[in-house]
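The structure appears below as structure tokens.
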Amino acid sequence: MIKCAIMFFSKTFRGGIHPAYLKELTSGKPSSPAKDPAQVIIPLLQHTGVPCQPLVKAGEQVKAGQKIGDSDKLISAPVHASLSGTVKAIEPRLCFTGDMVNSVVIESDGKNEIYEGIKPETGNLLAAIREAGIVGLGGAAFPTQVKLSPPKDKKIDTLIINGAECEPYLTCDHRIMLEETDLVLEGIKAAAKVLNVNQILIGIEENKEDAIHKVKSQITSTKSQTNLNIQIIKLKTKYPQGGEKQLIKAITGREVPSGGLPFDIGVVVLNVGTCAQIAKTLKTGMPLIDRVVTVTGRSLKEPKNLRVKIGTLFKDLIEQCGGATKGEIKKVIAGGPMMGVAVSSLEVPVVKGTSGILVLTDKEAVSYEENDCIRCGRCIKVCPAGLLPNFLADAAKLKDWDKTVEYHVADCIECGCCGYVCPSRIFLVQYFKAAKWELKKRKAVNR
Amino acid sequence: MNLEISVSPHVRSPYGTKNIMWMVALVLLFPSAAGVYFFGIKALILIVFTSLIAVITEAVCQWLTKRPITINDGSAVVTGMLLALVLPPTLPLWMAAIGAVTAIGLVKILFGGLGFNIFNPALAARALLLASWPVAMTTWVRPFDAITTATPLFLVNKMHEAAPGYWALFIGNRAGSLGETSVLAILIGALILFIVRIIDWPAPTAYIGSVALLSFLLGHDPLFAILSGGLMIGAFFMATDYVTAPVTTKGRFIFGLGCGIMTVLIRYYGGFPEGVNYSILFMNILTPMIDKYAQPRLYGGRKRG
């Protein structure tokens, strides 16, 4: 009875905000293939972890799907050529983060030939996922193979699929759930097999009613073929509902311990796009060489969901959306407006974790002067981690790094809710990032 | 192309400090209007004059200390209005001016300006005026005819006389400070602030609730206790002051509770008939300590170190 009552309401977590979502710019637009670029820049570090070493040399011919970089370290993912052509150079190139990252520059031969070694994989699923360079496509780009190999002493009982897509503007996961529903479910089944779990919970925000409906009907139609317990959990539309920790809390009521991982509470979380990619790779053997990117912004002539080859430049994609015809571009964000990274140049490539390219004009991305804190408490109310952002920022401003530890800066997920609501326009997330950076540096020195 | 870069989030809520302060000033027009209705043109002059002096004081202090002049953020206007609302309507203007200069210059700017003051500026200034000119500060007049009289709280608690009816108390037809008398006008203003989420429930609820409950337990009329004196304006507009009250929900509840207990103790056992002013100032002192201990639960359940 109690369970019924809980199910009646959409699930959620503590804190959070309701920004303007503006997903309607692209949510109704089916994903279409982007034009093949004349050249791609493929960074050797696109994931959370250790960079790859190049496996090709300048001047070499490569084909689509051919592995061009790999690492023997555990937390890493290989990278592949996304089209066929000639390697022009292997050199540091500007990445969306603002860093110069060693990258393979490939000039297209226009033939799009597929690498001969590509064939469907039926044997070792985990090895196939690693070889295909699959990482979390939600944005953090953590190697999926690592996620799917929990330590032996951790018993995993639940696989959570993240279809929340809580970032404003972004619709790529929404489109994947609608257009590649069967692939998503196949990927889920493969992941469940690898993890040996039975219970699968798919979390989708209630503003994506059509996706909830589509996935539900697909589950019902394939129910007889599987003994898995797959359920859809309707989530409240609230940012950051798709944050890993918030999603786990909303769906299972469990909390990832401070400093711990979802493994510690028996949970693994995968994004819907990642699941679709797993299925594609197992079916065809094709590694992760393209992804759906939401190219959007109110100033764009025609915002779109595009299936983009990894390595395509932001510039090309904005051009394909007709450019910014309604206003001057002030900021371009890789990802969504809440957690995305502002790029300094449009000559940066799409990488595996690029879920969106958001073009903002000066009316949308207003620059503010920072004022003194008026202690209104809004940041505390919205903080999904239960922190005291105002006091934490005071400590960071004074460079009192020990104090930032006392205020649990390490538990900050950088969702940006505090910065969004702050009426004094204090750059809260910036201070927390700085504090984390300083503490990391200090740790490295002590080691 | 010149692209701007900055740390996320790249979109911000449209509501800034300015919007909040001016909204509060706007809402204070309700109790102000009620005051003018009951006490006449003198009340209007007092409100305008006090607000003006508050703004001028802020501008002069900031000019003297070579800091940016921030009078357009609305906070000085709010302080000036709040001060006028808690003064007797017939107070000589020069005393009100000293109050406004004290509130802004001494209590707010000297402590660092908006966000750094420890005491509620309007209430600290009122306390100073009360200590300096006790007769003028406790000379109350009846609405409409301006005949000198006592406040209901004084009549009931000190003279043991009959109270005016609840309806008179509710609409504000009684002697008292300019803006404290009309519970109706204060509630309308507070309701608006609740709806636009400028104030939240913990402090007012705990404050009014604890005064009602304690009055009842001590054998007094709880409804009279909450309708009389300055409790309503104190609970909704002073105990909810961002700067001088705690920042967390838990802390704000404790703050309201403390205010309620102190108010009841002063009203029934103290020398003054009313205790809202001093109870809030008292709790202002405890605010940093409440902030330290009343913190929200951390995600992940770890105890705070």
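Summary of computed values
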quantity	calculated
Some residue of region A:94-101 being under 21 Å from A:Met286 (Cα atoms) and at pLDDT 95 or above	no
Test: residue in region A:105-125 that is under 24 Å from A:Val267 (Cβ atoms), in the same structural domain as A:Lys189 (by TED's automatic domain parsing) and in a strand (DSSP E or B)	no
Set A:Ile265, A:Ile310: member being touching a Lys or Arg at 6+ places or on another chain (Cβ under 8 Å), within 14 Å of chain B (Cβ to nearest Cβ) and among the aliphatic types (A, V, I, L, M)	A:Ile265
Condition broken by B:Phe282, with the remaining ones in (1) part of a loop (DSSP other than H, G, I, E, B); (2) under 15 Å from B:Asn120 (Cα atoms); (3) aromatic (Phe, Trp, Tyr); (4) away from chain A (no Cβ under 14 Å) satisfied	(1)
Condition check for B:Ala235: away from chain A (no Cβ under 14 Å), surrounded by 22 or more Cβ atoms within 10 Å (Cβ to Cβ), modelled with pLDDT of 95 or more and touching a Cys at 6+ places or on another chain (Cβ under 8 Å)	yes
Helices (runs of 4 or more DSSP H) contained entirely in region B:1-89, each with at least 1 residues that are within 14 Å of another protein chain (Cβ to nearest Cβ), β-branched (Val, Ile, Thr) and buried (at least 16 other Cβ atoms within 10 Å of the Cβ)	B:17-27, B:75-85
Region A:310-326 residues that are under 13 Å from A:Gly356 (Cα atoms) and without any contact (Cβ under 8 Å) to a residue 24 or more places away in the chain, paired with ones that are among the acidic types (Asp, Glu) and buried (at least 19 other Cβ atoms within 10 Å of the Cβ) (beta carbon under 6 Å, 6 or more apart)	none
A:Ile310 farther than 30 Å from A:Glu121 by Cα, crowded, with 24+ Cβ neighbours inside 10 Å and in contact with a strand residue (DSSP E or B) (Cβ under 7 Å, 6 or more places away or on another chain)	no
Sole residue being under 30 Å from A:Arg298 (Cβ atoms) and free of Cβ contacts under 8 Å to residues at least 40 places away in the same chain, chosen from A:Asp400, A:Asp362	A:Asp362
B:Leu223 vs. criteria aliphatic (A, V, I, L, M), free of Cβ contacts under 8 Å to residues at least 12 places away in the same chain, away from chain A (no Cβ under 14 Å) and over 25 Å from B:Leu29 (Cβ atoms)	no
Residue check for B:Ala54: modelled with pLDDT of 95 or more, touching a Phe, Trp or Tyr at 6+ places or on another chain (Cβ under 8 Å), among the aliphatic types (A, V, I, L, M) and more than 21 Å from B:Thr151 (Cα to Cα)	no
Residue in region A:367-381 that is touching a Leu at 6+ places or on another chain (Cβ under 8 Å), at the interface with chain B (Cβ under 8 Å from one of its Cβ atoms), closer than 25 Å to A:Gly139 by Cβ and not in a helix (DSSP H, G or I) present	no
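The values are calculated or read from the model by the stated rules, or taken from the named source; none is laboratory data. Values in this document were obtained by computation on a predicted structure and should not be read as measured data. Because the Cβ atoms are built from the backbone with ideal geometry, glycine has one as well, and the counts that use them run over all protein chains shown.
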